[in-house]
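To start, the structure under review is shown below, and the notes come after it.
The values are calculated or read from the model by the stated rules, or taken from the named source; none is laboratory data. Predicted model, so just to flag it, every value in this text is computed and none were measured. Please note: Cβ atoms are built from the backbone with ideal geometry, for glycine as well, and neighbour counts cover all protein chains shown. Keep in mind that these areas ignore ligands, DNA and RNA; they rest on the heavy atoms of the full protein, side chains included. Shrake-Rupley method; radii C 1.70, N 1.55, O 1.52, S 1.80 Å.
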Amino acid sequence: MENCPCGSNKTYDECCKQIIHGEQNGDTAEQVMRARYSAYVQGKIQFIVDSIHPKEKQNFDEQAIRRWSEKSQWLGLEIKSTEKGGPKDTQGIVEFVARFSENNERKYIHERAEFVKDNEKWLYKDGTIVPSEQYVRESPKVGRNDPCSCGSGKKHKKCCGK
């Protein structure tokens, strides 16, 4: 039995398959997020379309999503956090990182996805990209014309900065 692409450590049959094939609704926003990722991996674009809130479908380019799904190698899903989105909630947020490779370049999407429950079915409403954390140096940057940090007495550009 093959593990589910969503990373749940369950088999695909006992995890996302039933949601993707419409045999059951996801009980939580996270379950639907996991199923959406698995649908991207397997090219099940109709589920992705069906799991978008109707008000958001005008911004959806099905052909572009299909091309992206097919040309990408999907490398994994990490759920960072969830806010609400449980069986008794009507709204929820799932923060996730989806990793993939496109044209032999590793990439990722880090998003806070907003879900709403409509007629007992969780639907993707919108997402906000989470910006990368800025790298902060622990020590000052050595300039080209600064004395070299090795203690040689030479300028950095003439010593270790060559």
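Miscellaneous remarks
- Per the listing G26, G22, the residue uniquely touching a residue at least 12 places away in the same chain (Cβ under 8 Å) and farther than 23 Å from E83 by Cβ is G22.
- Filtered residues of segment 113-152 (kept if under 30 Å from Q73 (Cα atoms), over 16 Å from the mean Cα position of the chain (by Cα) and basic (K, R)): K121
- Meeting the requirement of 1 or more residues that are over 16 Å from the mean Cα position of the chain (by Cα) and among the hydrophobic types (A, V, I, L, M, F, W, C), the helices (runs of 4 or more DSSP H) wholly within segment 1-67 are 17-20, 45-50.
- Residue selected from segment 62-89 under the condition more than 19 Å from T128 (Cβ to Cβ) and in contact with a strand residue (DSSP E or B) (Cβ under 6 Å, 6 or more places away or on another chain), by the criterion surrounded by the fewest Cβ atoms within 10 Å (Cβ to Cβ): Q73
- One residue from E30, E14 being of a type in the set (D, E) and under 21 Å from Y108 (Cα atoms): E30
- Tabulated pairs, segment 140-162, first open to solvent by 60 Å² or more (accessible area, probe 1.4 Å), second in a loop (DSSP other than H, G, I, E, B) and modelled with pLDDT under 75, C-beta under 8 angstrom, 6+ apart or interchain: S149/V142; K155/R144; K157/R144
- Some residue of segment 90-112 being part of a strand (DSSP E or B), of a type in the set (S, T, Y), farther than 26 Å from K10 by Cα and under 17 Å from the mean Cα position of the chain (by Cα): no
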